[in-house]
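> The structure under discussion is supplied below as structure tokens; questions concerning it will follow.
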Amino acid sequence: FCVAFDPLDGSSNIDCNVSVGTIFSVYEKKDGSVNDLLRSGADCICAGYCAYSSAVELVFTFQGSSVEGFCLDPTIGEFVHTRVNMKFPSDGGKRIYSCNEGNFVHWDQPIKDAVDAFKNGVGGKPYSARYVGSMVADIHRTLLYGGIYIYPAD
């Protein structure tokens with residue numbers, strides 16, 4: 001197997017005590033070259049993240065399987081299965097959007113239009129903006145509460 005990972009996502013925020021984490025994806029080894037990792041996400045056999053905050057949470061899935069969450073219990077030094085079959089809220093959850101709007105001027109017009117729609121209200125009510133700057137923290141919140149997370153090219 002081979003693993004692609006960001007060992008400390010959000011590290012630019014670590015000095016101000018913002019949540020950070022590790023992102024990973026696992027692929028089956030083919031030829032031992034970098035091409036083992038530069039493949040479609042459809043080839044990924046396991047992916048997830050570990051969030052380091054007031055609690056340490058490990059969230060992952062195996063290809064075609066459910067998303068499972070584990071919380072580190074420091075009293076026993078083990079991860080405990082605390083979130084079974086994690087899913088986005090069926091109604092879409094909270095009306096929150098999350099993106100780095102500092103890059104707005106560099107985005108393609110359809111992305112700009114979507115963010116403007118979130119701000120001005122899709123279906124009558126605007127979305128709230130929440131952006132931590134640590135993808136793990138933003139994704140974790142979105143998975144638990146719903147909403148929209150985007151990371152457009154700039």
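> Angle, helix 135-145 long axis vs. longest principal axis of the chain, Cα atoms, 0 to 90°, nearest 10?
Result, in degrees: 80.
> Let me ask something additional. Figure the gain on full extension for Glu28 and Thr75 (residue separation times 0.36 nm, minus the Cα-Cα span) and round it to one decimal in nm.
Using 0.36 nm per residue and subtracting the Cα-Cα distance, I get 13.4 nm.
> I've got another one for you. Summarise the long-distance tail of P(r) for the range 18-87 by giving the % of C-alpha pairs beyond 17 Å.
52
> Sticking with this one: Probe 1.4 Å, all protein chains in place: accessible area of Asp6 in Å², nearest 10?
60
> Next up: Under 15 Å from the Cβ of Lys94, count the other residues' Cβ atoms, weight Lys and Arg +1, Asp and Glu -1, and hand me the total.
Charge balance in the 15 Å sphere: +3.
> Here is a follow-up. Quick one: which residues, 5+ away or cross-chain, put their amide H under 5 Å from the amide H of Val20? H built at 1.01 Å from N.
Hits under the 5 Å cutoff: Tyr52.
> Peptides 22-34, 75-87: what's the order by average Cβ count within 10 Å, highest mean first?
Packing order, densest peptide first, comes out as 22-34, 75-87.
> Going out from 0 in 5 Å bins, what whole percent of all Cα-Cα distances in the chain drops into each bin?
For the chain, the pair-distance distribution reads 2, 8, 14, 17, 19, 17, 14, 6, 2, 1, 0.
> Ok, one more. Out of all DSSP beta bridges with both ends in the chain, state the antiparallel percent to the nearest 5.
90
> I've got another one for you. Over the range 1-120, give the accessible area per residue in Å² for a 1.4 Å probe, as an integer.
Accessible surface, normalised per residue, equals 63 Å².
> Over the chain, what relative contact order in percent results from Cα pairs under 8 Å that are six or more residues apart?
With pairs under 8 Å counted, the relative contact order is 21 percent.
> Can I ask one more? Under 15 Å from the Cβ of Val80, count the other residues' Cβ atoms, weight Lys and Arg +1, Asp and Glu -1, and hand me the total.
Combined, the nearby Lys, Arg, Asp and Glu give -3.
> A further question on this structure: Across the chain, how many lysine pairs, 8 or more positions apart or on different chains, have C-alpha atoms separated by under 23 Å? Please give the number.
Close lysine pairs under the 23 Å cut-off: 4.
The values are calculated or read from the model by the stated rules, or taken from the named source; none is laboratory data. Here the structure is a predicted model, which means the values were calculated and not measured. Here the Cβ is made from the backbone with ideal geometry for all residues, glycine too, and neighbour counts use every protein chain on show. The area values use the complete protein model at the heavy-atom level, side chains included, leaving out ligands, DNA and RNA. Shrake-Rupley method; radii C 1.70, N 1.55, O 1.52, S 1.80 Å.
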